[in-house]
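Colleague: Structure below; questions to follow.
The values are calculated or read from the model by the stated rules, or taken from the named source; none is laboratory data. Quick caveat, the model's predicted, so the values are computed rather than measured. Virtual Cβ from ideal backbone geometry, glycine too; neighbours counted across all protein chains shown.
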Amino acid sequence: MSSVAVVSSENMDEKQQSVSTPVVQAAAAKVNLLGMSRPELEKFFEDLGEKKFRAGQVMKWIHQYFVTDFAEMSNISGKLREKLEKICEIKAPEVVHRNYSKDGTRKWVFRVGDGEGSLVETVLIPAEDKTGARKTLCISSQVGCALDCSFCSTGKQGFQRDLTPAEIIGQLWMANYSYMEDVPVAERERTVTNVVMMGMGEPLLNYDAVLSSMQLMLDDFAYGMSKRRVTLSTSGVVPKIDQLAQDIDVALAISLHAPNDELRNELVPINKKYPLQQLIAACQRYLAKDGNESARRHVTIEYVMLDGVNDQPEHAQQLLKLLKNLPSKINLIPFNPFPHAPYGRSSRNRIIAFQKTLSDAGFVCTIRQTRGDDIDAACGQLVGQVADRTRRAEQWKKKVAQQQEILRTQG
């Protein structure tokens, strides 16, 4: 067993616990190998005067056996292990809290810098599918988010900074490790089956770090995930969608949430810069760059259901017209309220009627099952314990209170 801090997961249901992160305690000057891609590691070892195949060996120890102690890397010479111990570390972000829900959902709060606001959250959602037990990890790419979508609690805290590749891939590393803590190294195996870049932040606004992390997810020397099981979700940064098409083959999801520009300008403000016509065209271009075993068979459309806002029959008809020439699957998401949110969740009957309209027109349309909301892990609740560093949340609450007072006096 490596020299990591192990925390028992017994009696974790519905409880939030302070934990120690399984990382090597090392000087800041050491090189963190956790977020390095295979080409980067190959160059690193060549610069050390070693053969570049050492990169693949070390990657397997890190990402497949979840080892952080170089002394345990038995197929590497003792001399090299000693050298790596002196100049390198394998360091995941620090876990400050973790919550395990009764439904199997897990949430981690990571500290990625100094101060109360330097926290991000990661959520793992288990489910059964035709291939067996699926474990989908929702990964954050930024501390906060600059886009300020009106229905999302994360956006109310504002934006602090981008995450590094080590901080992004470290979320996947930790999620896997959480199932391996008491498993002998030789018997460990990767548990997370699917990844969605859909947590805190807009992934395409942290492009280089997100791309590098997804390349690690796909690399057979790391997580070896299928292209179809790695999904990037964007609110619609059109130029970066085109760049993504050139750089990697992963599944694409669009946080759409409105079928017309007027409404989407209100719900998803980036639409003012990249309106729907441009966004749909970018999605069509993304799908056009196809290949064998490609993930690009369709685009997943994420659509949060807001009571009386975007859930009416005319909205369903507008959505059909918007997507008629775009191969897509539609995922309807019941809104998860957060404090001072100005929206309510659409009724179950309204969501089912909306789904029927889309399904009858030939679209594959599903309703997302709400998971983990007992631990604030559901979609739109990822603000968690992150401090509001921009006073955006305070301003938002004040605005909502003013609107409520106007309605009260008018009533």
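Colleague: Out of Ser3, Ser9, I need the residue that is surrounded by fewer than 20 Cβ atoms within 10 Å (Cβ to Cβ), under 25 Å from the mean Cα position of the chain (by Cα) and at pLDDT below 95. Which one? I'd like the intermediate steps shown before the answer.
Modeller: Details: Ser3 fails: under 25 Å from the mean Cα position of the chain (by Cα).
Ser9 is the lone residue from the list that is surrounded by fewer than 20 Cβ atoms within 10 Å (Cβ to Cβ), under 25 Å from the mean Cα position of the chain (by Cα) and at pLDDT below 95.
Colleague: For the stretch 156-180, give me the residue count where each residue is within 17 Å of Trp61 (Cβ to Cβ), assigned to a helix (DSSP H, G or I) and touching a residue at least 60 places away in the same chain (Cβ under 8 Å). Can you show your working first?
Modeller: Of all residues in the stretch 156-180, those within 17 Å of Trp61 (Cβ to Cβ) come to 166, 169-170, 172-174, 176-177, 180.
Restricting the remaining residues to those that are assigned to a helix (DSSP H, G or I) gives 166, 169-170, 172-174, 176-177.
Retained after the next criterion (residues that are touching a residue at least 60 places away in the same chain (Cβ under 8 Å)): 166, 169-170, 173-174, 176-177.
Qualifying residue count for the region: 7.
Colleague: Follow-up. If you take the residues in the stretch 33-62 that are over 25 Å from the mean Cα position of the chain (by Cα) and in a loop (DSSP other than H, G, I, E, B), which one is surrounded by the fewest Cβ atoms within 10 Å (Cβ to Cβ)? Don't jump to the end; show me each part of the working.
Modeller: Within the stretch 33-62, the subset over 25 Å from the mean Cα position of the chain (by Cα) is 42-58.
Now drop any that are not in a loop (DSSP other than H, G, I, E, B), which leaves 48-53.
Numbers: Leu48: 14, Gly49: 8, Glu50: 17, Lys51: 11, Lys52: 14, Phe53: 10.
The extreme case among them is Gly49.
Colleague: Name every residue in the stretch 207-237 that is in a loop (DSSP other than H, G, I, E, B), farther than 23 Å from Asn331 by Cα and small (Gly, Ala, Ser), in order of residue number. Steps first, answer last, please.
Modeller: We begin by selecting, within the stretch 207-237, every residue in a loop (DSSP other than H, G, I, E, B); these are 219-226, 235-237.
Subset that is farther than 23 Å from Asn331 by Cα: 219-224.
Ala222, Gly224 - these are the residues of the stretch 207-237 that are in a loop (DSSP other than H, G, I, E, B), farther than 23 Å from Asn331 by Cα and small (Gly, Ala, Ser).
Colleague: Further question: Go through (1) buried (at least 16 other Cβ atoms within 10 Å of the Cβ); (2) over 18 Å from Met180 (Cβ atoms); (3) modelled with pLDDT of 95 or more and name the single condition Ala26 misses.
Modeller: So Ala26 meets the others, but not (3).
Colleague: Exactly one of these conditions fails for Val183: (1) part of a loop (DSSP other than H, G, I, E, B); (2) surrounded by fewer than 17 Cβ atoms within 10 Å (Cβ to Cβ); (3) touching a residue at least 12 places away in the same chain (Cβ under 8 Å). Give me its number.
Modeller: Among (1) part of a loop (DSSP other than H, G, I, E, B); (2) surrounded by fewer than 17 Cβ atoms within 10 Å (Cβ to Cβ); (3) touching a residue at least 12 places away in the same chain (Cβ under 8 Å), the lone unmet condition for Val183 is (3).
Colleague: Can I ask one more? In the list Lys321, Lys240, which residue meets the criterion of being outside any strand (DSSP E or B), under 18 Å from Leu205 (Cβ atoms) and at pLDDT 95 or above? Full working, then the answer.
Modeller: Values: Lys321 fails: under 18 Å from Leu205 (Cβ atoms).
None of the other options fit; the residue is Lys240.
Colleague: Could you tell me whether Asp69 is in the same structural domain as Leu41 (by TED's automatic domain parsing) and either more than 16 Å from Ala175 (Cα to Cα) or in contact (Cβ under 8 Å) with a residue 12 or more places away in the chain (or both)?
Modeller: Numbers: in the same structural domain as Leu41 (by TED's automatic domain parsing): yes; either more than 16 Å from Ala175 (Cα to Cα) or in contact (Cβ under 8 Å) with a residue 12 or more places away in the chain (or both): yes.
Yes.
Colleague: Answer yes if at least one residue in the stretch 166-176 is surrounded by 24 or more Cβ atoms within 10 Å (Cβ to Cβ), under 24 Å from Ile90 (Cβ atoms), at pLDDT below 95 and not charged (D, E, K, R), and no otherwise.
Modeller: No; the residues of the stretch 166-176 include none that is surrounded by 24 or more Cβ atoms within 10 Å (Cβ to Cβ), under 24 Å from Ile90 (Cβ atoms), at pLDDT below 95 and not charged (D, E, K, R).
Colleague: Count, please, the residues in the stretch 209-268 that happen to be of a type outside the set (Asp, Glu), closer than 17 Å to Val304 by Cβ and over 17 Å from the mean Cα position of the chain (by Cα).
Modeller: 9
Colleague: Another question about this same structure. Residues being aromatic (Phe, Trp, Tyr) and not in a loop (DSSP other than H, G, I, E, B): count how many of those fall in the stretch 63-120. Full working, then the answer.
Modeller: First, pick out the residues of the stretch 63-120 that are aromatic (Phe, Trp, Tyr): 65-66, 70, 100, 108, 110.
Now drop any that are not not in a loop (DSSP other than H, G, I, E, B), which leaves 70, 100, 108, 110.
Count: 4.
Colleague: While we're on this one: Could you identify the single residue in Ala253, Ala258, Ala245, Ala282 that is in a helix (DSSP H, G or I), within 14 Å of Leu323 (Cα to Cα) and not polar (S, T, N, Q)? It would help to see each step written out before you state the result.
Modeller: On the way: Ala253 fails: in a helix (DSSP H, G or I); Ala258 fails: in a helix (DSSP H, G or I); Ala245 fails: within 14 Å of Leu323 (Cα to Cα).
Just one listed residue meets the conditions, Ala282.
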